[in-house]
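Novice: Next up is a structure, given as C-alpha cells.
The values are calculated or read from the model by the stated rules, or taken from the named source; none is laboratory data. The structure displayed is predicted, hence computed values, not measured ones. Positions of Cβ are generated from backbone atoms using ideal geometry, with glycine treated the same way; all protein chains shown enter the neighbour counts. Surface accessibility is based on the protein's heavy atoms, side chains included, excluding ligands, DNA and RNA. Shrake-Rupley method; radii C 1.70, N 1.55, O 1.52, S 1.80 Å.
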Amino acid sequence: MTLRTRLLLLSLATVAVIVVTLLTMHMNSLMTASINNIIDRSDNSGRQIQAFMRRRIEERLMARSVLPSDQAELRKIYESIIEEDEDLAAMLIEQMVGSRAIVEILIANEAGITLVSSNPAQTGKPMISRPELIRLRDENPISRITTVLTAQNDYESRTSFGDAGNQRALFTIQILVSPILMKAALLPELKGTSIVALLSLIVAMLLAYASARLAMRPIQEIGDIIDRLAQGESIADISHEKAQEKEVALVESKLNFLSEQFQNTQRDAESRRLAAMSSLTSGVAHEIKNPLNSIALRLELVRAHIENGSDSANDELDIVAQEVTRLDRVVKTFLDFTRPLELAMEEVDPTVLSQDVLNFIQPEAESRSIQLKLAPPQKPIHLRGDQDLLKQAMMNIVKNALEAMEKDGQLTVTIENKRGECEIRIHDTGPGIPTEIQQKIFNLYFSTKETGNGIGLAMTFRAIQLHGGSITIESEAGKGTTFQLRLPVHKMETRA
C-alpha cells in the first residue's frame with residue numbers, strides 16, 4: 001500500500017469517525033429531548049386525570065345524603081364513581097389522542113384491577129407492570145438509541161391517587177408509552193439528519209482526497225529529486241528549474257548536504273585507496289629490488305667465473321635460483337593481497353569471536369606465563385561480517401603481542417559499544433613500538449622481526465577495511481601497545 005493510499009484512508013477514516021460521532025450525538029440529543037417531552041406530557045396528563053378524579057369524587061359524595069363511616073365501604077363508593085363515570089373514560093381517550101407516543105391510559109384500584117381504560121377491552125383485567133419511562137432517559141446514549149430503534153415493549157409512567165386522610169394510594173393511573181410510536185415521530189428528523197451526514201461524508205471524502213494529493217505533492221517532488229540525483233544530475237541544475245515549496249527546499253538542502261558528504265567520502269576513500277596502493281607498491285618494489293640486484297650481481301660473477309674458467313659458477317647459479325624463488329614468492333603474495341575477496345557475511349558476536357581467539361592461544365600463553373583477560377561489553381553487540389577473516393585478523397595481532405612480551409606479561413581484550421561502533425582493544429604489556437615505525441607496521445612486507453614476513457598486520461588492516469572499519473595503534477615505550485579495532489554495529493531487526 002502506497003503512502004498516498006494510507007494517507008487517504010487515514011483522512012477518510014478520521015472524517016467518517018467525526019461524522020458518525022456527530023450523527024450519534026445529534027440522534028441522542030433528539031431522543032433525549034423527545035423522551036423528556038413525553039415524560040413531561042405523561043406527568044401533566046397524570047396530574048390532570050388525578051384532579052378530574054378528585055373533583056368527580058367530591059361532587060358525587062356531596063350529592064349523597066348519608067356518607068358511610070366504614071373506610072372499606074367508602075373505597076367501594078370511590079371505585080363505583082370512577083368505574084361509572086363516562087366523562088372520565090372520555091378524558092382518558094382525549095389525553096391519549098393528544099400525544100403521539102401514548103398508546104393507553106389505565107386507572108386501577110388498590111388491588112391492581114383496571115377500573116377504566118382508554119382501551120375498554122382492558123377493563124376488569126389486572127394492570128401489568130412495565131419498565132419505567134424515566135429509566136429509558138437515564139440509560140447511556142448508545143443503549144438509549146438502540147432501545148428506541150429496536151424495542152417493541154411499552155414503557156409506563158404512573159401517578160398515585162389517595163384521599164386526604166389516608167396515605168395509602170387508592171388508585172393508580174398508568175400511562176403506557178410505545179417506543180415504536182416514538183421512533184415513528186423521530187424518523188423524519190433522523191432521516192433529514194442522516195441525509196445531511198451522508199452528504200457531509202461525501203464532501204469530506206472529496207476534500208480528503210484533494211488534501212492527500214496536495215500533501216503528497218512535495219513528497220513526490222522530493223522523490224523526483226532523488227531519482228534525478230541518482231541519475232547524476234546536480235542539485236543546482238534541479239533547483240533552478242522551478243520555484244519549490246518550503247518543505248521541498250528544506251529537504252533539498254539536506255539532500256545537497258548528504259550529496260556533498262557522499263562525494264567527500266568517495267574522494268576520501270579514493271585518496272586512501274591510492275595511498276594504500278602507493279604504500280603497497282612501494283613495499284613490493286622494495287622487496288623486488290633486492291632480489292633483482294642480487295641476481296644482477298650474481299650474473300656478473302657467473303660471467304667472470306666463466307671467462308676465468310673457474311668452477312665456482314655453479315654456486316653462483318644456485319644463489320640466483322634462490323633469489324628467483326624469493327622473487328616469485330613476493331609476486332605471488334602481492335597478487336594474493338590485491339585479489340578481490342568475497343566475504344562470507346554472517347552474524348558475528350565479537351565476544352564469542354574474541355574468546356575463541358584467546359582459547360586458541362591459551363597453551364602458548366601459559367607456556368610463557370602470560371595472563372589472558374577478556375572484558376566483554378555490558379550489553380550484547382552484534383556484527384555482520386566474515387567470521388573466519390575477522391578471527392584471522394585478531395589472531396595476527398594477539399600472536400604478535402605474545403611474541404613481543406616473551407614472558408610474564410598480560411594480554412587484555414576489551415569490547416565496548418561506542419557511538420554505534422564496536423571497539424575491540426587488544427592491549428599487551430610488551431616493550432611497545434617505537435613512534436617512528438608505528439605508521440609502517442601495516443605496510444606489506446614490513447617487519448621488525450628477523451623471521452617475520454611483514455604480511456600478517458597488512459592482512460589484518462585489509463580485513464578490517466573490507467568490513468567498513470578502522471584500526472589504530474597506541475604505544476608507549478615500556479608500557480605496552482594497544483590495537484584498537486572499530487567495526488560498525490549491526491542493528492538487529494525486531495520481529496513481532
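Novice: How much of the accessible area of the range 51-132, probe 1.4 Å, is carbon plus sulfur, in whole percent?
Specialist: C and S fraction of accessible area: 51 percent.
Novice: Rounded to the nearest 0.05, what FRET efficiency do Asp87 and Lys125 give with R0 = 35 Å and r taken as the Cβ-Cβ distance? Could you check?
Specialist: 0.95
Novice: What FRET efficiency comes out for the pair Ile473/Leu258, r = Cβ-Cβ distance, R0 = 41 Å, nearest 0.05?
Specialist: 0.80
Novice: Per residue, how much accessible area does the range 1-106 show when a 1.4 Å probe rolls over the protein heavy atoms, in square angstrom?
Specialist: 60
Novice: Check Ile370: other-chain or 5+ apart residues with amide H under 5 Å from its amide H, H built from backbone geometry?
Specialist: Amide H to amide H, under 5 Å and 5 or more residues apart or across chains, Ile370 pairs with Asp408, Gly409.
Novice: Based on the mean of other beta carbon atoms within 10 Å per residue, what is the order of 386-399, 342-355, most packed first?
Specialist: 386-399, 342-355
Novice: Still on this model: Quick query: amide H of Ile433 versus all other amide H atoms, modeled in the peptide plane; which residues come in under 5 Å with a sequence gap of 5 or more or a different chain?
Specialist: It is Glu476, by chain and number.
Novice: Now for a different question. Taking every pair of alpha-carbon atoms in the range 1-114, give the share separated by more than 20 Å as a whole percent.
Specialist: The answer is 63 percent, as a whole percent.
Novice: Continuing with this model, one more query. Kindly report the accessible area of the range 169-213 per residue (heavy atoms of protein chains, probe 1.4 Å, no ligands, DNA or RNA), in Å².
Specialist: Value returned for the range 169-213: 51 Å² of accessible area per residue.
Novice: Describe numerically, in nm with one decimal, the distance between label points set 7 Å from Cα along Cα→Cβ at Gln371 and at Leu22.
Specialist: About 7.8 nm separates the two model spin labels.
Novice: While we're looking at this one, here's another question. Using 23 Å as the Cα-Cα cut-off, could you pick out the over-long pairs in Lys440/Lys479; Lys391/Lys418; Lys418/Lys440; Lys373/Lys418?
Specialist: From Lys440/Lys479; Lys391/Lys418; Lys418/Lys440; Lys373/Lys418, over 23 Å: Lys418/Lys440.
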